[in-house]
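The values are calculated or read from the model by the stated rules, or taken from the named source; none is laboratory data. None of these values were measured; they are calculated from a predicted model. For neighbour counting, all protein chains shown are included, and Cβ atoms are generated from backbone atoms with ideal geometry for every residue, glycine included. Ligands, DNA and RNA are excluded from the accessible area calculation, which covers all protein heavy atoms including side chains. Shrake-Rupley method; radii C 1.70, N 1.55, O 1.52, S 1.80 Å.
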Amino acid sequence: MLSIASTLIWRLAATAALLGLIACSPKNQTVEGLNKAITELAKPAGSWHAVVTSLEKSLSPEGKMLIGADLERLMQNGLASSPPDGRCDANLIRDRMRQELSRMRVKLDPSKSPMPAPLMAPVVCEPVPAIYELDRCVRVIELYGHALDADAIAVTVKRNDGQIRQVDGQFAGTSGGLLTLDASSLRLSEDDAQILVLSKESRTTIALIEVAAPAKPPPVTVLPAAVRTIEEVVVRVDGRTFGENRGVTYGRKCTPGFHRSECSVRQLNGTGQCEPTWIEPGNESDCRCRVQFRLPAFESVDCRVKLTERANLREQPAPKKVVCG
């Protein structure tokens, strides 16, 4: 009987020792540390930096092998996003830290998880630049946030007419707190109004970047086209015995790049009439003018005849549409 009792006591002691070893295993210690950190981060005043730093210091060498690299990555992402130099709200960062630690906890011991592993929806805290200026055509758009995964994000462009243009957004950088978008792949122009960054799963907009049209050039002052004289003469005509009614042609074809401007006749003295008319009234490139002289008998008249041509106005070419990319 004593032998049986001794055997039972020995077995109970061995079981207790085994349970103690299990409870003190590096994995269980790490899980307990995660549980404590998750609880602290649930408090509104919890400092994510202090909690994660304390957890990191409490890890055994074996615990660091289990989650040390994940904690380091988590710390770096949090620091990059934190105010004042970062671009994300402190409460958002704390909630994201709690979610990340919970995922680590589930990974280590799925059977005793304090909360289910949440699906990390991507969040963009701030795009840089927030307004895309077509005057500058920057090559890269930076997206700062959390759970940013290039495979989980889509990019569209909304046109000024309201139509949505699908684009193949090309991302670079590591997933997590920062992704960079190759803006040249968007082929932005004055027809576009907004860049929309979407979550592929929910199709909700997680970032909106306005597209600013280039500054309009100042209005061009059109100077009067150059005018030059083709011919200027003073003509004296005598009426003789029976008077005079005679037409005389002056000028020539207009110079290439010019059109007729004026055929003026000024009577200097004498009686009679000097009346000008264009040879081809409907042809602006014909600078010939006929002056009809009419005088009574025995009278004379002096007239100054002047023909001018004006340079053609050059058509202003339509401004080229700005396209970035």
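Straight Cα distances below 25 angstrom link LYS320 to the lysines LYS158, LYS216, with same-chain residues fewer than 8 positions distant left out. Stretching SER185 away from ASN245 to a fully extended chain increases their span by 13.8 nm, per 0.36 nm per residue minus the current alpha-carbon distance. Both the radius of gyration and Dmax for the stretch 157-211 are 11.7, 35 Å, in that order, over alpha-carbon atoms. Checking the cross-link pairs LYS200/LYS321; LYS36/LYS107; LYS57/LYS107 against a 28 Å limit on the alpha carbon distance flags LYS200/LYS321 as lying beyond it. Over the stretch 186-273, the ratio between the Cα radius of gyration and 2.2 N^0.38 Å evaluates to 2.78.
Taking Cβ atoms as reference points and 13 Å as the exclusive limit, the residues near GLN163 contribute a net charge of 0, counting Lys and Arg as +1 and Asp and Glu as -1.
Taken one residue at a time, the phi angles of the stretch 89-102 give Karplus couplings (6.51, -1.76, 1.60, θ = phi - 60°) of 5, 4, 5, 5, 4, 4, 5, 5, 4, 4, 5, 5, 5, 5 Hz. Gly and Pro are set to x.
Here LYS253 is the anchor, and the lysines within straight C-alpha reach of less than 24 Å, apart from those fewer than 8 places off in the same chain, are LYS306. If R0 is taken as 41 Å, the Cβ-Cβ distance between ALA154 and SER60 corresponds to a FRET efficiency of 0.45.
If we sort 193-205, 237-249 on the protection proxy, mean other Cβ atoms within 10 Å, highest first, what's the order?
Those peptides, ordered most packed to least, come out 193-205, 237-249.
Site pair ALA172 and GLU284 shows an inter-label distance of 5.3 nm when each label is modelled 7 Å from Cα along Cα→Cβ. Working note: Karplus 6.51/-1.76/1.60 with θ = phi - 60° gives the stretch 297-303 the couplings 4, 6, 10, 9, 8, 10, 10 Hz, where Gly and Pro are set to x. Around the amide H of SER60, modelled in the peptide plane, lies no amide H under 5 Å away from a residue 5 or more places distant or on another chain.
Less than 5 angstrom separates the built amide H of CYS287 from those of ARG252, LYS253, CYS254, all sequence-distant by 5 or more or on a different chain.
Model label sites at VAL233 and GLU262, defined 7 Å from Cα along the beta-carbon direction, differ in position by 2.0 nm. Since only GLY270, PRO256, PHE298 are under comparison, the one whose Cα sits farthest along the positive direction of the charge dipole of the stretch 252-325, derived from C-beta charges on Lys, Arg, Asp and Glu, is PRO256. Apolar share of the accessible surface for the stretch 189-325: 52 percent from carbon plus sulfur atoms, 1.4 Å probe. Of the solvent-accessible surface of the stretch 124-184, computed with a 1.4 Å probe and all protein chains present, 45% belongs to carbon and sulfur.
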